[in-house]
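Following: one structure in structure tokens, then a few remarks.
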Amino acid sequence: MSGKFVVDLQNKINRLVQENVSYKNTAFHQPILVTGGRAALVYETLGNDEEKFRLKTDLFIYKSKEKKSYFSPNPYVKVDCQDASPEPLSRDQWAKDDYRLVKTQLDSMLAECEKKVLANLPELLKS
């Protein structure tokens, strides 16, 4: 997974936290972490003459809750950015133009993940 994605996401989160008046006087002790970080072409069809693959991402952004509670069994707030390309394609289709489609699909998936994380930022921070 691109280290650039993680750095860019962290910079956007930091900027939003600094710009938001309600967060300015709040001390956050628990960091927001990015885990998983896997993108792969995954074999999709079995028992078929034509091999097809889907691009899949496995990425989680989470934060430990600032206040732990016995009433809350999960100590984390998590944003799940698992995704898959819309349709399976042959290896040749993915490989065309030096795997350009992989890059464009992955860029799109990471952009959607970023939107999802930023939309869920208040939930990540309030815990």
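The values are calculated or read from the model by the stated rules, or taken from the named source; none is laboratory data. What you see is a predicted model; the values in this text were computed from it and never measured. Quick reminder, even Gly has a Cβ in these numbers, built from the backbone with ideal geometry, and neighbours come from all protein chains shown. With ligands, DNA and RNA removed, areas are computed over all heavy atoms of the protein, side chains included. Shrake-Rupley method; radii C 1.70, N 1.55, O 1.52, S 1.80 Å.
When L101, L41, L124 are checked against the criterion of being open to solvent by less than 50 Å² (accessible area, probe 1.4 Å) and of a type outside the set (K, R), a single residue qualifies: L124. Screening K65 with (1) among the basic types (K, R); (2) under 24 Å from A111 (Cβ atoms); (3) more than 13 Å from the chain's Cα centre (by Cα) gives one miss only, at (2). Residues of the range 96-127 that are under 21 Å from K65 (Cα atoms), of a type in the set (G, A, S) and in a helix (DSSP H, G or I): A119 alone.
Scanning the range 3-35 for residues that are closer than 17 Å to K78 by Cβ and either free of Cβ contacts under 8 Å to residues at least 40 places away in the same chain or open to solvent by 80 Å² or more (accessible area, probe 1.4 Å) (or both) returns V6, Q10, Q30, P31, L33, V34, T35. Does D97 satisfy being over 21 Å from L125 (Cα atoms) and modelled with pLDDT of 90 or more? The answer is yes for D97.
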